[in-house]
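**Q** Take a look at the following structure, please.
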Amino acid sequence: MPITPTDTIWMNGELVPWDQATVHVLTHTLHYGSGVFEGIRAYPTPAGVAVFRLTEHIDRLVTSAKILMLECPFSRDELVAATKTLVRENRLDEGCYIRPLVYLGYGEMGLNPLPCTVDVSIAAWPWGTYLGDEGVANGIRLKVSSWQRHDPNAVPTAAKVTGMYVNSSLAKMEAIKAGYDEAVLLAPDGHVSECTGENIFVVRDGHLVTPPVSDAGALAGITLRSVKTIAHDLGLEVTHETLLRTDLYTADEAFLTGTAAEVVPIREVDDRVVGDGQPGPVTTQIQQVYFAAVRGEVDRYKDWLEYVE
Ligand code: PMP
């Protein structure tokens, strides 16, 4: 997924030309993975470009910073305003992916991060479908990873910490090298947790099941939350239940959710065909409503859109 440069990146309160948005090689977070970040999308809507659930993403960023004891020098409102300014000033009217990062800067080394300066950047660029248009349309092939999802008492799974994504990258590489599209990780207790950057749902007898996020050590996804609301409004039941890998094999349908990936059907897990190997009716319906909602085409979900103008 190559990055398309835009004009500027927001760094500590200023819009800096793209090529000058750099850090020192001794930046603390580069060595210890001690930052927190977000992944957000903006979409074109009939009323102009809008950031999807922006305030909730920034709230999660602030919460992640709190968990890591990072003193973020900008308030939630300042970060919301900065994100809108960035998208507007870079004229990203067709939508974009947005990457805020709170990180420990240059000046201190060693494992006590408390004396470090805290820096903040926000970048945005046009970004296509994370798991490919083909995957969105026809479903992806998933592999249960040999890598385990973090134990919440080893690293805080409730926070979106940069260094923790080594785990996701290892699982992703293993899956890609083995010819799959994406990996699903099991929690230390053996139950299904989540994918490398997405939550997972199965459909059983017409209702949706997803693992309990805290128990499974999964991230509390904002797309997951949106899908729960959409499903509820469609009259579908949604429950959080522990799932075994075999529950993925035997599901009627399965799909994953995430800001980058959006809503993507799963057509195979560990070479077992899920359902009939086609995106099922529930998945398709949820996907259609989600894609319409993010583009401002569903009145009841207009609250989810935060316009940049
Ligand atoms: N799990 C992980 C590990 C993730 O990185 C993400 C993406 N932020 C998600 C789940 C989905 O979260 P969201 O729907 O908020 O993007």
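The values are calculated or read from the model by the stated rules, or taken from the named source; none is laboratory data. For clarity, every value in this text was computed on a predicted model and none was experimentally measured. Because the Cβ atoms are built from the backbone with ideal geometry, glycine has one as well, and the counts that use them run over all protein chains shown. Remember, those area values only see protein heavy atoms, side chains included, never the ligands or the DNA or RNA. Shrake-Rupley method; radii C 1.70, N 1.55, O 1.52, S 1.80 Å.
**Q** Under the definition of Cα pairs under 8 Å and six or more residues apart, what whole-number percent is the relative contact order of the stretch 59-162?
**A** Details: 88 pairs, mean separation 31.7, N = 104.
Value for the stretch 59-162: 30 percent.
**Q** Whose amide H sits under 5 Å from the amide H of GLU194, counting only residues 5 or more places off or on another chain, with H placed in the peptide plane?
**A** Correct list: LEU185.
**Q** Please give the helix 76-89 orientation as an angle from the longest Cα principal axis of the chain, in degrees from 0 to 90, rounded to the nearest 10.
**A** For helix 76-89, the angle is close to 90 degrees.
**Q** Leaving out ligands and nucleic acids, note down the accessible area per residue over the stretch 102-166 with a 1.4 angstrom probe, in whole Å².
**A** 47 Å²
**Q** Report ³J(HN,Hα) in whole Hz for each residue of the stretch 294-300, in order, from the Karplus equation J = 6.51 cos²θ - 1.76 cosθ + 1.60 where θ = phi - 60°; Gly and Pro get x.
**A** Here the 3J(HN,Hα) series is 5, 8, x, 9, 10, 3, 5 Hz.
**Q** Where does each of 259-269, 203-213, 14-24, 230-240 land if you order them by average Cβ count within 10 Å, highest first?
**A** Ranked from most to least packed, the peptides come out as 259-269, 203-213, 230-240, 14-24.
**Q** Now a separate question. Round to a whole number: what % of the accessible area of the stretch 199-309 belongs to carbon and sulfur, probe 1.4 Å?
**A** Values: 2110 of 4580 Å².
Carbon and sulfur: 46 percent of the exposed surface of the stretch 199-309.
**Q** Here's something else I'd like to know. In degrees, nearest 10, range 0 to 90: what is the angle between the Cα axis of helix 165-177 and the longest Cα principal axis of the chain?
**A** Rounded to the nearest ten degrees, it is 50.
**Q** Let me ask another. Taking Cα atoms, how many degrees apart are the long axis of helix 54-67 and the longest axis of the chain, rounded to 10 and kept between 0 and 90?
**A** It is inclined by approximately 70 degrees.
**Q** Please state the relative contact order of the stretch 133-294 as a whole percent: Cα pairs under 8 Å, 6+ residues apart?
**A** 26 percent
**Q** Normalised by the residues of the chain, what does the relative contact order come to in percent, with Cα pairs under 8 Å and at least six apart?
**A** On the way: 656 pairs, mean separation 62.5, N = 309.
The normalised contact order for the chain reaches 20 percent.
**Q** Also, quick follow-up: What is the set of long-range amide H partners of ILE266 at a cut-off below 5 Å, with H atoms built 1.01 Å from backbone N?
**A** For ILE266, whose amide H was placed from the backbone, the distant partners under 5 Å are ILE140, ALA254, PHE255, LEU256.
**Q** For the stretch 8-125, give the percent of accessible area contributed by carbon and sulfur heavy atoms, probe 1.4 Å, rounded to a whole number.
**A** 54 percent
**Q** Going by average Cβ density within 10 Å per residue, which order do the peptides 93-102, 166-175 take, highest to lowest?
**A** Working: 93-102: 20.0, 166-175: 17.6.
Top to bottom by mean Cβ count within 10 Å: 93-102, 166-175.
**Q** Of the cross-linked pairs LYS160/LYS302; LYS172/LYS228; LYS143/LYS228; LYS177/LYS302; LYS177/LYS228; LYS172/LYS302, which ones have a Cα-Cα span greater than 30 Å in the structure shown? List each step's numbers first, then the result.
**A** Working: LYS160/LYS302 26 Å; LYS172/LYS228 26 Å; LYS143/LYS228 25 Å; LYS177/LYS302 41 Å; LYS177/LYS228 33 Å; LYS172/LYS302 34 Å.
LYS177/LYS302; LYS177/LYS228; LYS172/LYS302, as the Cα separations exceed 30 Å there.
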